[in-house]
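See structure below.
What follows is calculated from the coordinates using simple rules that are stated; it is not laboratory data. It should be emphasised that the depicted structure is a prediction, and the values quoted were computed from it without experimental measurement. All Cβ positions, even for glycine, are placed from backbone atoms using ideal geometry, and neighbour counts span all protein chains on display.
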Amino acid sequence: MFSPFLWILSIGHLVVDLAQGILPILTPLLAEKLSLNYFQVGVVALAFNFSSAIIQPAFGVLSDCYSMPWLMPLGLFLSGLGLALTGTVNSFGLLLFVVLLGGIGVAGYHPEGSKVAHYVSEKGKAGSSMAIFSVGGNVGFGLGPILALFALSFSGLDSVYGVAIPGVLAGLFFLILLPRFKEILAKGTPVQKKSKEHIARGGENKVASLVLLLLFIIVRSWIHYGLIYFIPFYFSDLKSAFDPGFLVSMFLIAGAVGTVLGGPFADRFGGRNGLLVSMALSLVTIYPLLHLSGIFIPIFAFVVGASLISSFSTTVVFGQRLLPQNIGLASGLTLGFGVGTGSIGVTLLGAVADQVGLPLVMNVICLLPLLGIILALTLPDIRGQEPIVKEEALQQ
């Protein structure tokens, strides 16, 4: 039976990642209001992902050195506040500022939240436990567009401030639970500090493999963010059978389903096999999503979302096993840095789309899973090689 705190952390993950699903829906309206081109749309995505993801390893390093559970409620507050302010800005510079503010909130929550989730995980169920934590973020990502559409339905960007409400409520709840989170971290930290001398064979950091894993995450992020940011433009211009916001929500919610399936799959068959299956399925489903019509569009949106993000929790656990002595840093790298640097691809793809057209760029995205498959094949098979802390370490 999983710890109730794991579910609470997953709910917090859901709320903080609402911001990541909200921004793609706001972007077309903000682009119209501020006369943004595709490149500037990519810059907005990059600004958010830089502050929410690329700087996460810095929070991860601090998390390894200090106990900072207060970052979780603070992150919940800021994540909603930043995007709530987008409706009030009247310049591209101010838009980037408030987007950065919301992104910092997202960055603050993840390393500390995933570290607490790591400490309350059951032995032998690291993939399943991290899947529970991760699925909250994927659900939040998927519900973000729905929340954005609901808030916008009242008076457009003038009512977007409503997206801050979930973060405020969850932040207050996490403040109440802060003493318990401190206790969990206090019990876990001594073991982590002693791990350098007590971790059993196979517990050394494997930096080279981590680099390959991060490259895999970057490729996955190019595909993921390329689809969610450009689907509203692509289907709005070329196909009008389905609302783009609906398709983005279906794509992202399907990612939650994929995460639930991907974690246990990796526990049983190995993380590398989980990554291979994820990219292979993505390779054969993205092209039909973009080129079929009618009812096939939402069906393939669901299949692509589930297959692509099924590796999300797997890569987090993979990173923690490759850096067993630096759990916070591993979490920040796999949850944040890899995803954030991958979002640079959205900016580059946007610049290319301005020159050659969006359809060609979407076809390029169809081929990126091939690179993901190649990278997955280079990774070690580390199933069952969780860092094992010797019993005397736990007793000291």
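Numbers for the structure displayed
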{"read-out": "The chain - percent relative contact order, Cα under 8 Å, separation 6 or more", "value": "28"}
{"read-out": "Among LEU177, VAL317, ASN49 the positive-end extreme of the charge dipole of the chain (Cβ point charges)", "value": "VAL317"}
{"read-out": "Ranked SER134, SER67, SER221, criterion: other C-beta atoms within 10 Å, fewest first", "value": "SER67, SER221, SER134"}
{"read-out": "The stretch 290-354: chymotrypsin sites (Phe, Trp or Tyr not before Pro) in DSSP loop, at most 12 other beta carbons within 10 Å", "value": "none"}
{"read-out": "For the chain, calculated [θ]222 nm from helices alone, where every DSSP H run of n ≥ 4 adds -39500 (n - 2.57)", "value": "-26500 deg cm²/dmol"}
{"read-out": "Length-normalised contact order for the stretch 38-169 - Cα pairs under 8 Å, 6+ apart - percent", "value": "34"}
{"read-out": "GNM top mover of ILE253, ILE327, ILE299 - the chain, alpha-carbon springs below 10 Å", "value": "ILE299"}
{"read-out": "Exposed GluC sites (Glu not before Pro) absent - longest run of the chain, DSSP non-H/G/I/E/B, at most 15 other C-beta within 10 Å", "value": "205-396"}
{"read-out": "Estimated FRET transfer efficiency (LEU172, PHE150; beta-carbon r; R0 30 Å; 0.05)", "value": "0.90"}
{"read-out": "Within the chain: Cβ-based charge dipole about Cα centre, in debye rounded to nearest 20 (Lys, Arg +1; Asp, Glu -1)", "value": "800"}
{"read-out": "Karplus-derived 3J(HN,Hα), 6.51/-1.76/1.60, for each residue of the stretch 325-334, Hz, glycine and proline x", "value": "8, 9, 4, x, 5, 4, 5, x, 5, 7"}
{"read-out": "Rg/Rh (Cα only; Kirkwood hydrodynamic radius) as it applies to the chain", "value": "0.96"}
{"read-out": "FRET efficiency estimate (nearest 0.05) - Cβ-Cβ, LYS187 to ASN273, R0 41 angstrom", "value": "0.75"}
{"read-out": "Linear extension gain, PHE246 paired with PHE97, 0.36 nm per residue minus alpha-carbon span", "value": "50.8 nm"}
{"read-out": "Pair THR378, ARG180: separation of 7 Å Cα→Cβ label points (nm)", "value": "4.4"}
{"read-out": "Per-pair calculated FRET efficiency, R0 = 25 Å: VAL284 and PHE39 via Cβ, rounded to 0.05", "value": "0.20"}
